[in-house]
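Just so it is clear, none of the values below were taken in a lab; they were calculated from the coordinates. Here the structure is a predicted model, which is why all the values come from computation and not from measurement. Cβ atoms come from the backbone with ideal geometry, glycine included; neighbour counts cover every protein chain shown.
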Amino acid sequence: MRQPQLCPLLFRPRLKPLCLSLLAALPSLAFAADPAPDPAGAPPMAIVEVTGTGQSRQVQNITRADLQQAAPGTSPLKTLEKLPGVSFQSADPFGSYEWSTRFSIRGFNQNQLGFTLDDIPLGDMSYGNNNGLHISRAISAENIGRVAVSQGAGALGTASTNNLGGTVQFVTLGPASEQAITAAQTLGSDDTARTFVRFDSGDFAGGTRFYISGTRMRSEKWKGAGPQDQDQFNSKVERRIGEHTLSAFFNYSDRREVDYQDLSHEMARRLGMDWDNYYPDWQRAVNASKGIYSGAVNSLDDAYYLGQGLRKDKLGGATLDLQLAPALAGKLTAYHHGNEGQGHWYTPYTPTSAEVPISIRTTEYTISRNGVLGDVTWELGMHTLNAGFWAERNKHELTRNFYAVTDGRYIDDFLRDPMSTGFRQSFVTDTRQFYVQDTIALLDGRLKINAGFKSPKVEIDAHTFTGDRADGSITAKKTFLPQAGVTYQLSRSDELFASGAKNMRSYQPGVNGPFSQTRAGYALSIAGLKPETSTTFDAGMRFKRDAVQGSVAVYYAKFDDRQMGIATCAGIVGCAGTIVNVGKVETRGLEALAVWKIAPSVSWFNTFTYNDSTYESNYTDNGKLVAVKGKQVVDAPKKMFNTELAYDANGFYARLGAKYTDKRYYTYLNDNSVPSFVVANLSGGYRLGSAGMVKDLTLQVNVTNLFDRSYFGTIGSNGFSASDPQGTSMTLLSGAPRQVFFTLSGKL
């Protein structure tokens, strides 16, 4: 294992003074702190607006404080798990290991949700993504200012054709008005060493400001062996031009993560929850590939030598905010995203040679997306008119290659010159979406009614160069997808809301899309294939008092034309598997949120979710009826409860939170599941004040999985099956045990 560097900034000459100042401050922190505030008059803890006041649909906000008090390196998605309706799971303590990330809202899984960063589409952020990138790679969490979650239907202008369910909008923290260097150093469990540095230029005379930041993350897996590394660069510049603002940004990410071994219930009982792949024991992997097993291993699939994901991303864009007239505003954004990715798997099923019975199988991706977004807002008496468009061309390539290996040395770079190719495909996806909406304010603004529609059209042209995968063209479009809502202000503190929306999910190129079938399978399925659609309604009430704020909402959603890969006849007949529509899903539920300021320095945050998502149609697989009607949707817990107690006074701050997640099925017939569990997390720190050159000096500790609970986090890592009565499906990942991280941060 690698030893963590005490302060990696020492090896960067320009930042060495800051690092030395941070380290020098440690022995004298008690003397360097600013004077304590008056004990009788500590500043009260404010209740931050989280309930989306004024929105006609269920909306909640995650604040900057939530992001700051999470363990540095934590995915912003993980911070959302405290909100009602949201389920998040991962196999690592940061929630950034993408193979294991599972995020759902109201029973809709991650590839049925919409995600944006400053309005720019991130696609569905799934592993092997073809139309975007994960938020953990798009930007460092320290550079995010807030996150807005719409559990039901997102705003009409959201740049997404995935959002059958809700949307998640990430908003960056722009350049500061004052010049500063911000730095943070984290050390902790499993040789974790994370460095973050950001420079803000402050305002120049001409109205220009910018920031640049760098992040270096080095960590080992919590079980088995192998690194989880990432380097990031973020930058943004803004310039005021009269009443207008021009901004541009460029972000870069280089992520390399070694996989954890997928488990089954049977494997966990036989090998333990801490079982992992063979790396770095090359000889044991070679022996196993020859059927020579050791320990409790009895199968070729109990472990592999190594698996990993490599991703390089470049994301950039520019936005022009225009104040065209006192009542007329517009915005225009152009962006580019380039990606290269490889997933490596040391497979014992394809030998390199008679002497080496293992090769590296890769799934290789490239993405080149170019797009433009525009919208205009016109205040016209009691009306607020909105209209906008989104256009994108995405060129995506997907390849399956096999590479020769001779030994077990760790390869942490992109492979070239394969010994064979299983398939190679290219896709050109053109997306066009237009929307228009009117919001009418009545009764002196206490009653607001909004109504509008969007028109998406997504065309995919696929070409197969190698292999028998399908090619051709397919289009998903809807001319009229309506959305309407109403808010009524009962008083200055109470508000009613209701909304309804219809949405469509376009077909996907690449992994799990219609062109991942064989040509024969595609020919069988194409005539009956329709894009997935949903109809969503929610209604509720928001309330706010001096010490309490919260919301209660009920909802209903109908999901039509659910797509799934199935066999169309008995296996002995030899029909190609196809992706077909297998029917409907219905969801009903209730969400509640309450924040209580118990004392000036103490607040208590609670959320509760009841979600009943069930399949409403049976389907046929391999010539047999699969009777799923009335069964609960996989990976959709019925009940979730989150509680968090927060304290902030006299320089000290702390948060103790815990979340209950109900049992989750991973089979469509509900004959196997993972049990319910509770995981608690603790964060706390002390604001030390100034020490020498450094100000805002803060020491923070984060403890994830505080009580060291053993549980299954991710389910469906290798997909879901109709049935698994014996518990042999390798599609589970154990959650990370207790981990501890210390962070020292400050400003120059």
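Taking amide H positions as placed 1.01 Å from N in the peptide plane, with prolines and chain starts having none, which residues 5 or more places from Leu706, or on another chain, fall under 5 Å of its amide H? Sorted by chain and number, the residues that satisfy this are Ala680, Asn681, Leu682.
In whole percent, what relative contact order does segment 45-747 give with Cα contacts below 8 Å and a gap of six or more residues?
Working: 2043 pairs, mean separation 80.8, N = 703.
Normalised by residue count, the contact order of segment 45-747 is 11 percent.
The dipole here belongs to segment 45-747: it is taken about the Cα centre, uses +1 on the Cβ of Lys and Arg and -1 on the Cβ of Asp and Glu, and is about 860 debye. Placing dummy labels 7 Å off each Cα toward the beta-carbon, the span from Ser710 to His244 is 6.3 nm.
Hydrodynamic analysis of the chain uses the Kirkwood radius over alpha carbon pairs. Inserted into Stokes-Einstein at 20 °C and 1.002 mPa s, it gives a translational diffusion coefficient of 78 µm²/s.
Could you compute how fast segment 509-641 diffuses translationally, taking Rh as the Kirkwood radius over C-alpha pairs and applying Stokes-Einstein at 10 °C with viscosity 1.306 mPa s? Give it in µm² per second. Don't jump to the answer; show the numbers that get you there.
Numbers: Rh = 17.9 Å.
My calculation gives 89 µm²/s for D.
Projecting the Cα atoms of Ile105, Gly583, His383 onto the charge dipole of the chain (Cβ charges, centred on the Cα centre) puts His383 farthest toward the positive pole. Determine the distance separating the Cα centre of segment 204-273 from the Cα centre of segment 493-554; give it in Å without decimals. When both Cα centres are located, 27 Å separates them. Working from label points 7 Å from Cα in the Cα-to-Cβ sense, the Val171 to Trp345 distance is 4.1 nm. Extension gain for Thr475-Leu385 works out to 29.4 nm (0.36 nm per residue, less the C-alpha to C-alpha distance).
Remark: segment 265-280, residue by residue, has Karplus-estimated 3J(HN,Hα) of 4, 5, 5, 5, 5, 7, 10, x, 5, 8, 5, 8, 5, 6, 3, x Hz, where x stands for each Gly or Pro and the curve is 6.51 cos²θ - 1.76 cosθ + 1.60 at θ = phi - 60°. Using the Cβ of Gly540 as centre and a radius below 10 Å, the other residues enclosed give a net charge of -1, where K and R count +1 and D and E count -1.
Rounded to the nearest whole Hz, the Karplus-based 3J(HN,Hα) values (6.51 cos²θ - 1.76 cosθ + 1.60, θ = phi - 60°) of segment 697-714 follow the sequence 6, 9, 10, 10, 10, 10, 10, 8, 6, 3, 9, 6, 6, 8, 7, 8, x, 6, with x at glycine and proline.
In order along segment 77-83, the Karplus-derived 3J(HN,Hα) couplings, from 6.51 cos²θ - 1.76 cosθ + 1.60 at θ = phi - 60°, round to 4, 5, 5, 7, 5, 6, 7 Hz, and Gly and Pro are given as x.
Note on Asp259, Asp461, Asp274: ascending count of other Cβ atoms within 10 Å places them as Asp274, Asp461, Asp259, the fewest first. Among Asp468, Asp375, a tally of other beta-carbon atoms within 10 Å of each Cβ gives an order, fewest to most, of Asp468, Asp375. Rounded to the nearest 500, the 222 nm mean residue ellipticity of the chain from helices alone is -1500 deg cm²/dmol, with -39,500 (n - 2.57) taken per DSSP H run of at least 4 residues. Charge tally for Lys558 (other residues, Cβ to Cβ under 9 Å; Lys, Arg +1; Asp, Glu -1): -2.
Take the Cα radius of gyration of segment 290-371 and divide it by 2.2 N^0.38 Å, N being the number of residues; the result is 2.06.
How much length, in nm to one decimal, is gained on full extension between Ser420 and Asp444, taken as 0.36 nm per residue of separation minus their Cα-Cα distance? Numbers along the way, then the final one.
On the way: separation 24, 0.36 × 24 = 8.64 nm, distance 7.01 nm.
Gain in length upon complete extension: 1.6 nm.
Summarising the amide proton neighbourhood of Lys454: residues at separation of 5 or more, or on other chains, whose placed amide H is nearer than 5 Å comprise Leu481. Amide H contacts under 5 Å for Arg146: Val171, restricted to partners 5 or more places along the chain or on a different chain, H placed in the peptide plane at 1.01 Å from N. Peptides 67-74, 187-194, 533-540 ordered by packing proxy, namely the average of other Cβ atoms within 10 Å per residue, highest first: 67-74, 533-540, 187-194.
When a footprinting reagent is the concern and you count Cβ atoms within 10 Å, what order do Ser294, Ser673 take, fewest first? Don't skip to the end; give the middle numbers.
Working: Ser294 9, Ser673 20.
Arranged by neighbour count, lowest to highest, Ser294, Ser673 become Ser294, Ser673.
On full extension, the segment bounded by Leu320 and Thr406 gains 25.6 nm, given 0.36 nm per residue less the C-alpha separation. In terms of the mean number of neighbouring beta-carbon atoms within 10 Å, the peptides 707-717, 233-243 order highest first as 707-717, 233-243. Ranked from largest, the principal axis spans of the Cα set of segment 599-748 equal 75, 32, 27 Å. The alpha carbon centroids of segment 91-137 and segment 279-298 are separated by 34 Å. Toward the positive end of the charge dipole of segment 45-747, with +1 on the Cβ of Lys and Arg and -1 on the Cβ of Asp and Glu, the farthest Cα among Pro482, Thr161, Met125 is that of Pro482. Asn298 sits among other residues whose Cβ lies under 11 Å from its own Cβ, and their net charge, with Lys and Arg +1 and Asp and Glu -1, is -2. The Cα center of segment 676-707 and the Cα center of segment 357-413 differ in position by 35 Å.
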